[in-house]
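As structure tokens, the structure follows; a few thoughts come after it.
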């Protein structure tokens, strides 16, 4: 059979290609171009300068092995990314496994999958704000702990802290890990698991040697979703961190608010390069084309 693309296939792909170019490629090119422009407090001038990039890392290499503000901010963002990725992976994998292999009725699988996804139809901001009455100094969690005598004063670290930001990130992004893994697991032939059990494999051996390898495409796709969202998220950092925790996305937002568009664009390009590097590493480990 001839696999050479025909003219009809190109015409079929053309509308999506045009949309992709208009709403992704063109804005990305504009950001890259603006990142080389010069600016002051009053105006932005088209130019080709590298000072915006050098300003980002100004003095950073001289402080090594210490961390300058830029490196510390990127490190903080990568830490959040790693923590959220690990937690969403464990939770998403467990939920996907339960839905596919423990729930026998297909109708119930669909119902439970909807239960997992329906809350995510609500605005992210609303779901984040809903944590504040629970985790605040006078919130429900502190009041319960005080009434049970577990603590003698309200816990300050429950809200506007690293913990609250991490909790919100996991809450908001777990669904992006559940769905791809669920799709991968649904394609696994159950006879492979039965064969592993018949061969004397334990539950953990079956999990590690059968389920995890066959779920790798879904894990990789879910990881890409979570990493790209967390790396650029500044709203969650701002609301749940009480404007006290830094991230690269938050830095870009502040620079934009102060009309430092070329510097913000340069930071965005550097952040994009970091995200693409992480995605490239994932695609080298797992062939996600099997999932597509």
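The values are calculated or read from the model by the stated rules, or taken from the named source; none is laboratory data. Worth saying up front: this structure is predicted, and the values here are computed from it rather than measured. A quick note on method: Cβ atoms are made from the backbone with ideal geometry, for glycine too, and the neighbour counts reach across all protein chains shown.
Some values worked out for this structure:
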read-out: Residues that are assigned to a helix (DSSP H, G or I) and surrounded by 11 or more Cβ atoms within 10 Å (Cβ to Cβ), drawn from region 91-108; value: 91, 92, 93, 94, 95, 96, 97, 98, 99, 100, 101, 108
read-out: Residue pairs meeting the criteria (Cβ under 8 Å; at least 6 apart or on separate chains; first under 16 Å from residue 272 (Cβ atoms), in region 15-26; second at pLDDT 90 or above and outside any helix (DSSP H, G or I)); value: none
read-out: Count - residues of region 79-90 that are buried (at least 17 other Cβ atoms within 10 Å of the Cβ) and under 20 Å from residue 253 (Cα atoms); value: 2
read-out: Tally, over region 32-83, of residues that are over 22 Å from residue 230 (Cβ atoms), touching a helix residue (DSSP H, G or I) at 6+ places or on another chain (Cβ under 7 Å) and assigned to a helix (DSSP H, G or I); value: 5
read-out: Failed condition for residue 230, given (1) farther than 14 Å from residue 73 by Cα; (2) touching a residue at least 60 places away in the same chain (Cβ under 8 Å); value: (1)
read-out: Counted residues, region 109-142 - those being without any contact (Cβ under 8 Å) to a residue 40 or more places away in the chain, surrounded by 11 or more Cβ atoms within 10 Å (Cβ to Cβ) and either in contact with a strand residue (DSSP E or B) (Cβ under 7 Å, 6 or more places away or on another chain) or more than 18 Å from residue 87 (Cβ to Cβ) (or both); value: 14
read-out: Hits in region 143-159 - residues which are crowded, with 16+ Cβ neighbours inside 10 Å and in contact with a helix residue (DSSP H, G or I) (Cβ under 7 Å, 6 or more places away or on another chain); value: 154, 155, 158, 159
read-out: Residues (under 18 Å from residue 189 (Cβ atoms) and crowded, with 22+ Cβ neighbours inside 10 Å) located in region 212-224; value: 215, 218
read-out: Flag if residue 271 is within 25 Å of residue 37 (Cα to Cα), surrounded by fewer than 22 Cβ atoms within 10 Å (Cβ to Cβ) and without any contact (Cβ under 8 Å) to a residue 40 or more places away in the chain; value: no
read-out: Test: residue in region 104-120 that is at pLDDT 85 or above, under 19 Å from the mean Cα position of the chain (by Cα) and under 23 Å from residue 183 (Cβ atoms); value: no
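Residue-wise test of (1) loosely packed, with under 10 Cβ neighbours inside 10 Å; (2) more than 22 Å from residue 264 (Cα to Cα); (3) modelled with pLDDT under 90.
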residue	(1), (2), (3)
24	no, no, yes
31	no, no, no
34	no, no, no
40	yes, no, yes
45	no, no, yes
50	no, no, yes
63	no, yes, yes
70	no, no, yes
